[in-house]
Amino acid sequence: MKLLVCISKTPDTTSKIAFTEGNTKFDENGVQWIINPYDEWYALVRAIEMKEQDPSVTIHLVTVGEADAEPIIRKALALGGDEAIRINIQSNDSFVVASQIAAIAKEGAYDLILTGKETIDYNSACIGSMLAGLLDMPFVSLANHMVLNGNTASVKREIEGGEETCEVALPAIVSCQKGMAEQRIPNMRGIMAARTKPLKVVEPIVVQATTSIKTYDLPPAKSGVKLVAADNVDELVRLLKEEAKAF
Amino acid sequence: MVLIYIDQADQQIKKSSLEAISYGAALAKQLGVTAEGILLGTVTDDLASLGKYGLQKLHHVGDASLNHFDAKVFTQVLTDAAKATNASVLVFAHNLNGKAIAPAVAVKLHAGIVTGANSLPDTSNGFTVTKTVFSGKAFAEINIDTPIKVISINQNCFGVHMHEGATSVEALSIAIPAASIKVTATHKVDGEIPLTEANIVVSGGRGLKGPENWGIIEDLAKVLGAATACSRPVSDSDWRPHHEHVGQTGVQVAPNLYIAVGISGAIQHLAGVNRSKTIVVINKDPEAPFFKAADYGIVGDAFEVLPALTAAIQKSKA
Ligand SMILES: Cc1cc2nc3c(=O)[nH]c(=O)nc-3n(C[C@H](O)[C@H](O)[C@H](O)COP(=O)(O)OP(=O)(O)OC[C@H]3O[C@@H](n4cnc5c(N)ncnc54)[C@H](O)[C@@H]3O)c2cc1C
């Protein structure tokens, strides 16, 4: 069983979001980088759990990014996984990113490809679905539980107002969210082992971007909170009804 | 032509799709083309009446085998339908199914895609779509550079708009590929309003002290017809189910009204809720950061304020 886990580098959740160059570039000054939480906490940890249950499982990690993505992929290797591939290109276009991963996936003949449900920077939720389109594979999105059963996976996915369980024949792609696994902290042994695990750098394939970012903006600040006294809830109800027209 | 994907569950058209129709109709008008829809499977709704949301024509692949969502099958059928109908722009709701298939359809059509759009694109010079990025902390204006374009719109950002008119319904025949998944169980929480579809959300944090105290949240939600949500530590401690966890690493919501009770307003929590139209914060600490992101606030003890608020709303509705 061969697993491919897609790992993305994102700014820490507490990072101050700012832009430079006339609001056309994300300001990386002082930003701490982390593994995208959905990739780490859910996709990667679930893959590691599967390997713990069945040592014949191999886990490859893939990231699309330049050399500055290496600390992130090493950290992922410290959590678990056998080897990593970095595709040497930085792009904000989901299609370019997905095409790079698809090329690796085709070569590696993976049984299962895992992604996080989205990244916390561009929030596009595109990569898993695009891989499914590019590779013509079954895709189960927003999964919160998964067990392998021979050549099929039984996966629970979120639906409006509940969840459904489905069976999917491998190879397949699954995007992971909360419930799938519990967050882990890398231990010293893992960190040491990660230093010598193979990290292969491959050059990107040539694909044309389909989108381009023109500018960024910060949301307008709230004009200020209107406080209502705790013993005057009727006034809050009036404001919500008449001013905010909230119900 | 603008082709709008109309999503259904249990043979009913989803509210988020009515919003997608309204958006697609406004976009079609802006571009001077027709607004057409694509529906897969059979539904109990009156299809001709979709005209009241601005839909001019509906292409219907009315095969009952499509009543169950299957990302691979739906991707193929929608791709073929978009080609057969010559769609130049495809519109999806950025809901659970939209997230699963819109990007796949885009790659099959060699189309650029922006997911989670907040408003109509600027088509005065290119095709520029505004979307939220950095989990609600910023916006990006993104140009789609391909001839065919795909947009999925954030729920509750455009609204459902009413028009005059009826929709002409045309059967569309598309070969349906073999199923790629088999649904073995469906579990729905009875009587619960799905969080992402809710107009009003009442959310509780660690300030409520324990799961046994959730009655006051549920009572308030009930009088408002609201969905219930919670902060991350609350679901991590299993006080509430995981699907109620909102925030940067949980569900992102954008209801008309978000009421936060006993939640401090950490940056990761705000990231999932700051697109709500109106935010009310009830917290006993006047220094709680959430007040800075709120429209209305009460500094007070939730255990006293909530029952009084629930009673006041009940009274105002009577
Ligand atoms: C990578 C990362 C991702 C995260 N993602 C999320 C996320 O998606 N969603 C999320 O919510 N959090 C997330 N967090 C956690 C976040 O940082 C906060 O820890 C969390 O939101 C705090 O939850 P809380 O407000 O319920 O609890 P607390 O911060 O403990 O706040 C409790 C509040 O209740 C108030 N209170 C106490 N008693 C009463 C009373 N009787 N009446 C009224 N008010 C009262 C207190 O004044 C306080 O403000 C994340 C953290 C990290 C590091």
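The values are calculated or read from the model by the stated rules, or taken from the named source; none is laboratory data. Predicted model, so just to flag it, every value in this text is computed and none were measured. A quick note on method: Cβ atoms are made from the backbone with ideal geometry, for glycine too, and the neighbour counts reach across all protein chains shown. Surface areas here come from the heavy atoms of the whole protein model, side chains and all, with no ligands, DNA or RNA. Shrake-Rupley method; radii C 1.70, N 1.55, O 1.52, S 1.80 Å.
What to note about this one:
- For the stretch A:212-234, the condition holds for at least one residue, the condition being that it is open to solvent by 90 Å² or more (accessible area, probe 1.4 Å) and in contact (Cβ under 8 Å) with a residue 60 or more places away in the chain.
- In the stretch A:5-14, of all residues being open to solvent by less than 20 Å² (accessible area, probe 1.4 Å), more than 8 Å from chain B (Cβ to nearest Cβ) and of a type outside the set (A, V, I, L, M), the one that is nearest to A:HIS60 (Cα to Cα) corresponds to A:CYS6.
- Selected residue (only one of A:ILE17, A:ILE34 is among the aliphatic types (A, V, I, L, M) and assigned to a strand (DSSP E or B)): A:ILE34
- Each residue in the stretch A:18-56 was checked for being touching a Lys or Arg at 6+ places or on another chain (Cβ under 7 Å) and open to solvent by 20 Å² or more (accessible area, probe 1.4 Å), and 2 pass.
- Condition check for A:ALA193: farther than 24 Å from A:TRP33 by Cβ, touching a helix residue (DSSP H, G or I) at 6+ places or on another chain (Cβ under 8 Å) and more than 9 Å from chain B (Cβ to nearest Cβ): no
- Unique residue being at pLDDT 95 or above and facing chain A (nearest Cβ under 9 Å) when the list is B:GLY250, B:GLY300: B:GLY300
- Inter-residue pairs, beta-carbon under 6 Å, first more than 14 Å from B:ILE217 (Cα to Cα) and within 13 Å of another protein chain (Cβ to nearest Cβ) and in the stretch B:233-245, second more than 9 Å from the ligand (Cβ to nearest atom) and open to solvent by 60 Å² or more (accessible area, probe 1.4 Å), 6+ apart: B:SER235/B:HIS242
Yes/no matrix, rows are residues, columns are (1) part of a strand (DSSP E or B); (2) open to solvent by 60 Å² or more (accessible area, probe 1.4 Å); (3) within 13 Å of chain B (Cβ to nearest Cβ):
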site	(1), (2), (3)
A:HIS145	yes, yes, yes
A:GLU158	yes, no, yes
A:CYS166	yes, no, yes
A:ARG184	no, yes, no
A:ALA209	no, no, yes
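- Complete set of residues in the stretch A:31-46 that are aliphatic (A, V, I, L, M) and within 13 Å of A:ALA69 (Cβ to Cβ): A:ILE34, A:ILE35
- Within the stretch A:55-70, residues that are in a helix (DSSP H, G or I) sit with their Cβ atoms under 6 Å from residues that are open to solvent by 20 Å² or more (accessible area, probe 1.4 Å), at 6+ positions apart or across chains, in these pairs: A:ALA69/A:LYS9.
- Among the residues of the stretch A:109-136, those that are open to solvent by 10 Å² or more (accessible area, probe 1.4 Å), in a loop (DSSP other than H, G, I, E, B) and within 7 Å of chain B (Cβ to nearest Cβ) comprise A:ASP121, A:TYR122, A:ASN123, A:SER124, A:ALA125.
- Looking only at residues in the stretch B:15-43 that are among the hydroxyl-bearing types (Ser, Thr, Tyr) and more than 21 Å from B:ILE174 (Cα to Cα), the one that is most open to solvent (accessible area, probe 1.4 Å) is B:THR34.
- Top-ranked residue in the stretch B:120-146 [being in a strand (DSSP E or B) and open to solvent by 40 Å² or more (accessible area, probe 1.4 Å); ranked as nearest to A:PHE19 (Cα to Cα)]: B:PHE139
- Annotation: B:ALA312 fulfils all but one of (1) open to solvent by less than 10 Å² (accessible area, probe 1.4 Å); (2) within 12 Å of the ligand (Cβ to nearest atom); (3) not in a strand (DSSP E or B); the unmet one is (2).
- Qualifying residue in the stretch B:105-112 (condition: in contact with a strand residue (DSSP E or B) (Cβ under 6 Å, 6 or more places away or on another chain), in the same structural domain as B:LYS15 (by TED's automatic domain parsing), part of a helix (DSSP H, G or I) and at negative phi): yes
- For the stretch B:159-194, the set of residues classified as among the hydroxyl-bearing types (Ser, Thr, Tyr), within 28 Å of A:GLU158 (Cα to Cα) and buried (at least 17 other Cβ atoms within 10 Å of the Cβ) consists of B:SER180 only.
- Filter pass, B:THR186 being within 12 Å of chain A (Cβ to nearest Cβ), more than 13 Å from the ligand (Cβ to nearest atom) and among the β-branched types (Val, Ile, Thr): yes
- Reported count of residues in the stretch B:76-95, each being open to solvent by less than 10 Å² (accessible area, probe 1.4 Å) and assigned to a helix (DSSP H, G or I), is 5.
- Lone unmet requirement of (1) within 19 Å of the chain's Cα centre (by Cα); (2) more than 12 Å from the ligand (Cβ to nearest atom) for B:SER173: (1)
- All told, A:GLU167 falls short of being in contact with a His (Cβ under 7 Å, 6 or more places away or on another chain) and on the phi < 0 side of the Ramachandran plot.
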